[in-house]
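Beneath this line is the structure, given in structure tokens, with notes to follow.
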């Protein structure tokens, strides 16, 4: 009896993912969540509120920029403090150059102890 194509694909996926560590899976899930979240109204409102509070000025270098050139930075990353995700007090307006210098940019620092300060 021949295997159904769905079963063949499932077997192939199981073989491919057999050695994947939980960390890799969690990283993938976090990235998927961030992509969905980036388009949400809550995120957009939080981002704009942070920019407005900071007067559309990078809080590290002082450059005044339009909203499309600023990035909203979470002071405490979602992985450390998910309850602060949409709190304006947990955000900073940063230019891209300053944002990449932060210790949690792009997933760095996701495993800091809860309560440890990040910027």
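For residue 42 and residue 97, the FRET efficiency from 1/(1 + (r/R0)^6), where r spans their Cβ atoms and R0 equals 22 Å, is about 0.25.
Here the gap between residue 49 and residue 81, fully extended at 0.36 nm per residue and compared with their Cα-Cα distance, gives a gain of 9.6 nm. Each of the peptides 51-60, 87-96 was scored by the mean count of other Cβ atoms within 10 Å over its residues; in descending order, highest first, they stand as 87-96, 51-60.
Working from Cα pairs under 8 Å separated by at least six residues, relative contact order for the range 37-109 is 32 percent.
Laboratory data are not the source of any read-out in this text; all were calculated from the coordinates shown. All values derive from a computational prediction rather than experimental measurement. Positions of Cβ are backbone-derived with ideal geometry, glycine not excepted, and every protein chain shown enters the neighbour counts.
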